[in-house]
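Comments concern the structure below.
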Amino acid sequence: MAELSKNDEQQDATPNVSEVDVVEARTEDEAVDAIEAPAERGEPILQVRNLVKHFPLTQGILIKRQVGAVKAVDGISFDLYQGETLGIVGESGCGKSTVAKLLMNLERVTAGEIFYKGQDITKLSGRALKAVRRNIQMVFQDPYTSLNPRMTVGDIVGEPFEIHPEVAPKGDRRRKVQELLDVVGLNPEHINRYPHQFSGGQRQRIGIARGLALNPEIIICDEPVSALDVSVQAQVVNLMERLQDEFNLSYLFIAHDLSIVRHISDRVGVMYLGQIAEIGTDEQIYDHPTHPYTQALLSAVPVPDPDAREHRERIILTGDVPSPANPPSGCRFRTRCWKAQDKCAEEVPLLAIPERFQGSDSPAAHESACHFAEEKDVVHAA
Amino acid sequence: MSEQIIERPVPADGPTAKAPEPDGKPERVASLWRDGWRDLRKRPMFLISGFVILCLLVLAIAPGLFTARSPFSDGFCDLQHSMDGPTSGHLFGYDVQGCDIYTRTVWGTRNSIIVGVVSTILTTALGGVIGMLAGLWGGWADSVISRVSEIFYALPILIGGLLIMSMVGSSNVWTVSFVLSILGWPQVYRIMRGEVIGNKYNDYVAAARALGASPMRIAFRHILPNTLAPIVVVSTMNLGVYIAAEASLSYLGIGVQSPAISWGLMISDAQDRWLTSPHALLFPAGALSLTVLAFIMLGDVVRDAFDPKLR
């Protein structure tokens with residue numbers, strides 16, 4: 001309970017999370033109406049509150065006994081505003097993809113809420129959930145497994161219309177699919193081809209076309225370019241930026257490549273072991289990081305200029321990421337942190353503007369979950 | 001969707017605008033099935049086994065086209081000719097009852113093919129449906145179904161066949177097919193279940209769920225088409241296996257019973273005198289071997305053409 005009340009205080013103290021306008025819907029119709037209401041630019045469209053996902057670890061063959069849990073996502077809160085791109089970065093296994101699956105309702109949450117236009121989508125079902133699915137779509141990481149090899153491109157991109165027949169009348173679908181292929185830069189004549197006849201970048205474009213088909217408001221991008229060649233990555237990211245302007249989309253952009261995230265994001269959240277370590281605008285995170293983990297991540301970004309490379313400080317973390325089944329007490333990063341002290345093992349640092357920066361309008365005044373947050377410009381350090 | 005036209009560079013990740021086909025022919029459709037079929041047609045093994053199987057099918061459907069007399073007509077057998085060797089007009093000779101072996105071999109094709117085809121259809125349907133359900137449901141339902149399938153899988157076909165045949169009482173091609181299906185479905189079940197479990201965690205299934213697809217749509221549009229190739233391969237091979245199994249059961253006296261004609265029965269009748277008159281054994285045994293070989297060969301080439309793991 002004490003933990004909960006702390007989190008409540010934190011919500012009030014930080015601009016990262018705004019107050020949720022819960023829309024009470026007594027009937028399914030009311031819920032659908034709330035979901036289909038247009039979103040206003042600059043308003044929070046998706047509000048995630050204390051999201052938790054634990055995967056149980058069981059033992060025994062016949063009688064399964066729970067012996068623990070992998071705490072993949074352990075209490076994260078953030079807002080996604082209409083029309084913005086929120087980047088989520090973090091190393092492998094920090095829970096980024098689980099967040100994406102939870103937001104898509106592909107996994108059930110253990111605790112916490114996800115509000116879309118004031119409706120908690122974790123509790124929706126039936127028609128209301130279907131309406132949410134129309135508005136929140138996903139682009140997957142691996143363009144080789146995310147397209148059914150037995151379906152033609154036309155079937156893949158046209159499937160959303162079959163599931164939601166109200167979006168496009170039957171006779172119109174083929175034209176719509178060809179339009180979508182054209183929008184993502186593919187030849188509309190290739191509607192009858194199969195996925196294996198395309199390159200990785202082209203396949204990812206097919207996946208994007210499928211995500212766009214229902215004209216959604218939010219697209220969750222789970223490492224959409226990390227499986228692609230660097231040259232193709234830029235094309236796909238630029239395509240996504242163009243589509244964002246054209247269709248007024250909000251992106252949640254998950255990646256482990258810091259440069260790509262900086263390129264596309266308005267705000268960035270840094271995740272470590274199931275929690276958000278630091279969140280702010282891309283200038284705040286990249287030029288004025290205050291969390292030691294963010295600083296370590298940024299110091300590992302390759303720098304093309306050899307002179308700058310010589311002179312910059314490299315922070316090399318020791319040890320491995322601890323197991324999410326048994327995370328460290330207090331601050332989760334303390335086992336690898338050069339600043340760690342006794343306090344870090346005892347007290348969980350809250351994601352809030354550090355005390356020393358409160359009231360200041362310096363870019364370092366953004367939420368950072370560290371007891372000893374201090375600014376350090378690792379990217380430009382000379 | 002906005003109709004706005006935007007200028008965009010041609011992406012460099014592959015030419016999206018390919019030159020049109022020279023003579024304006026529609027673009028070649030390349031589904032995995034069509035690729036597999038194109039691949040199959042080029043293989044001599046496929047052509048040979050396909051030709052043999054086609055002949056066998058014609059023999060099974062219309063044996064009268066190849067023999068002047070029916071083995072069931074009066075006076076077909078003449079004990080005077082018992083065990084006589086091949087003569088002109090009776091190329092395969094006579095058996096111990098003085099019946100023409102050629103006519104009986106030709107008419108025996110039908111029972112073998114019926115058992116092979118019926119057992120294959122039944123095992124594929126039964127194993128496929130149960131495997132699909134177990135794979136999709138998972139959890140305790142999957143555990144229960146899998147344990148039950150293992151009980152049947154553990155029964156040797158001859159012991160299980162003896163047991164079930166003695167329980168059923170009458171033995172004809174239909175009961176033999178039934179027994180082989182009861183004992184054979186776990187094989188298809190295992191493959192189907194494995195394929196379903198392997199496919200259901202793929203991203204394209206997650207993508208369909210994210211679109212709001214119903215469980216039925218996911219099962220039939222996304223998972224089933226991706227499980228069919230190995231099932232088709234195994235079923236093709238099973239055709240030969242079940243034909244051989246029918247002959248074994250009949251040979252042991254628990255399969256098809258006289259006066260019905262079966263290659264296994266003919267082999268059993270001829271085995272006592274094979275040293276003095278080998279022709280009575282040779283021709284039905286040869287027909288059986290050729291048939292089984294043709295189906296196994298077909299299964300082999302089909303596997304090479306369709307199984308994505310070998311491509």
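The values are calculated or read from the model by the stated rules, or taken from the named source; none is laboratory data. Note that the structure is a prediction, hence the values are computed from the model and not measured. Positions of Cβ are backbone-derived with ideal geometry, glycine not excepted, and every protein chain shown enters the neighbour counts.
Could you tell me whether region A:210-218 includes any residue that is part of a strand (DSSP E or B), over 30 Å from A:Ala325 (Cα atoms) and either of a type in the set (A, V, I, L, M) or modelled with pLDDT under 95 (or both)?
First, the residues of region A:210-218 that are part of a strand (DSSP E or B): A:218.
Next cut, over 30 Å from A:Ala325 (Cα atoms) only: A:218.
Checking which are either of a type in the set (A, V, I, L, M) or modelled with pLDDT under 95 (or both) leaves us with A:218.
Among the residues of region A:210-218, at least one is part of a strand (DSSP E or B), over 30 Å from A:Ala325 (Cα atoms) and either of a type in the set (A, V, I, L, M) or modelled with pLDDT under 95 (or both), which makes the answer yes.
Residues to consider are B:Ser171, B:Ser177, B:Ser143; find the one that is surrounded by 18 or more Cβ atoms within 10 Å (Cβ to Cβ) and either without any contact (Cβ under 8 Å) to a residue 12 or more places away in the chain or under 30 Å from B:Val301 (Cβ atoms) (or both). I'd like the intermediate steps shown before the answer.
Values: B:Ser171 fails: either without any contact (Cβ under 8 Å) to a residue 12 or more places away in the chain or under 30 Å from B:Val301 (Cβ atoms) (or both); B:Ser143 fails: surrounded by 18 or more Cβ atoms within 10 Å (Cβ to Cβ).
Only one candidate qualifies: B:Ser177.
Which one of these is touching a strand residue (DSSP E or B) at 6+ places or on another chain (Cβ under 6 Å) and farther than 22 Å from A:Val378 by Cα: A:Gln275, A:Gln341?
Numbers: A:Gln341 fails: touching a strand residue (DSSP E or B) at 6+ places or on another chain (Cβ under 6 Å).
Only one candidate passes the filter, namely A:Gln275.
Somewhere in region A:100-108, is a residue more than 14 Å from chain B (Cβ to nearest Cβ) and either among the basic types (Lys, Arg) or over 18 Å from the mean Cα position of the chain (by Cα) (or both)?
Filtering region A:100-108 down to residues more than 14 Å from chain B (Cβ to nearest Cβ) leaves none.
There is no residue in region A:100-108 that is more than 14 Å from chain B (Cβ to nearest Cβ) and either among the basic types (Lys, Arg) or over 18 Å from the mean Cα position of the chain (by Cα) (or both).
Taking the conditions exactly as written (more than 9 Å from chain B (Cβ to nearest Cβ), modelled with pLDDT under 95 and in contact with a helix residue (DSSP H, G or I) (Cβ under 8 Å, 6 or more places away or on another chain)), does A:Arg127 satisfy them or not? I'd like the intermediate steps shown before the answer.
Values: more than 9 Å from chain B (Cβ to nearest Cβ): yes; modelled with pLDDT under 95: yes; in contact with a helix residue (DSSP H, G or I) (Cβ under 8 Å, 6 or more places away or on another chain): yes.
So A:Arg127 fits the description; yes.
Sort through A:Val48, A:Val52 and tell me the only one that's more than 20 Å from A:Ser250 (Cβ to Cβ) and modelled with pLDDT of 75 or more.
Numbers: A:Val48 fails: more than 20 Å from A:Ser250 (Cβ to Cβ).
Only one candidate qualifies: A:Val52.
Yes or no, residue by residue, for (1) buried (at least 18 other Cβ atoms within 10 Å of the Cβ); (2) assigned to a strand (DSSP E or B); (3) more than 12 Å from chain B (Cβ to nearest Cβ):
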position: A:Ile220; (1), (2), (3): yes, yes, no
position: A:Ala227; (1), (2), (3): yes, no, no
position: A:Val268; (1), (2), (3): yes, yes, yes
position: A:Glu278; (1), (2), (3): yes, yes, yes
position: A:Gln284; (1), (2), (3): yes, no, yes
position: A:Pro304; (1), (2), (3): no, no, yes
position: A:Arg309; (1), (2), (3): no, no, yes
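List the pairs whose first member sits in region B:210-237 and is more than 9 Å from every other protein chain (Cβ to nearest Cβ) and free of Cβ contacts under 8 Å to residues at least 40 places away in the same chain, whose second member is of a type outside the set (Val, Ile, Thr) and assigned to a helix (DSSP H, G or I), and whose Cβ atoms are under 6 Å apart, counting only residues at least 6 apart or on separate chains?
B:Ile218/B:Ala208
Is it the case that A:Phe357 is closer than 30 Å to A:Ser18 by Cβ, at pLDDT below 90 and not β-branched (Val, Ile, Thr)?
On the way: closer than 30 Å to A:Ser18 by Cβ: yes; at pLDDT below 90: yes; not β-branched (Val, Ile, Thr): yes.
So A:Phe357 passes the test.
Please verify whether A:Gly200 is under 18 Å from the mean Cα position of the chain (by Cα), touching a residue at least 24 places away in the same chain (Cβ under 8 Å) and facing chain B (nearest Cβ under 10 Å), treating the condition exactly as stated. If you could, list the steps in order and put the result at the bottom.
Working: under 18 Å from the mean Cα position of the chain (by Cα): no; touching a residue at least 24 places away in the same chain (Cβ under 8 Å): yes; facing chain B (nearest Cβ under 10 Å): yes.
Taking the combined requirement at face value, the residue does not satisfy it.
Could you list all residues from region B:246-280 that are part of a loop (DSSP other than H, G, I, E, B), among the polar types (S, T, N, Q) and in contact (Cβ under 8 Å) with a residue 24 or more places away in the chain?
B:Gln257, B:Ser262, B:Thr276, B:Ser277 - these are the residues of region B:246-280 that are part of a loop (DSSP other than H, G, I, E, B), among the polar types (S, T, N, Q) and in contact (Cβ under 8 Å) with a residue 24 or more places away in the chain.
Which residues, taken from region A:158-193, are in contact (Cβ under 8 Å) with a residue 24 or more places away in the chain, within 8 Å of chain B (Cβ to nearest Cβ), assigned to a helix (DSSP H, G or I) and under 25 Å from A:Val232 (Cβ atoms)?
Scanning region A:158-193 gives A:Glu159, A:Pro160, A:Leu180, A:Val183, A:His190, A:Asn192.
Among the residues of region A:197-211, which ones are surrounded by fewer than 21 Cβ atoms within 10 Å (Cβ to Cβ) and under 11 Å from A:Val153 (Cβ atoms)?
Restricting attention to region A:197-211, the residues satisfying the condition of being surrounded by fewer than 21 Cβ atoms within 10 Å (Cβ to Cβ) are A:197, A:199-200.
The answer is A:Gln197, and nothing else.
From the set of residues in region A:229-243 that are surrounded by fewer than 24 Cβ atoms within 10 Å (Cβ to Cβ) and touching an Asp or Glu at 6+ places or on another chain (Cβ under 9 Å), which is farthest from the other protein chains (Cβ to nearest Cβ)?
A:Gln233
Among the residues of region B:114-135, count how many are closer than 30 Å to B:Phe92 by Cβ and surrounded by fewer than 22 Cβ atoms within 10 Å (Cβ to Cβ). Write out each step before concluding.
Residues of region B:114-135 closer than 30 Å to B:Phe92 by Cβ: B:114-120.
The next check asks that each one be surrounded by fewer than 22 Cβ atoms within 10 Å (Cβ to Cβ); those that pass are B:114, B:117-118.
Qualifying residue count for the region: 3.
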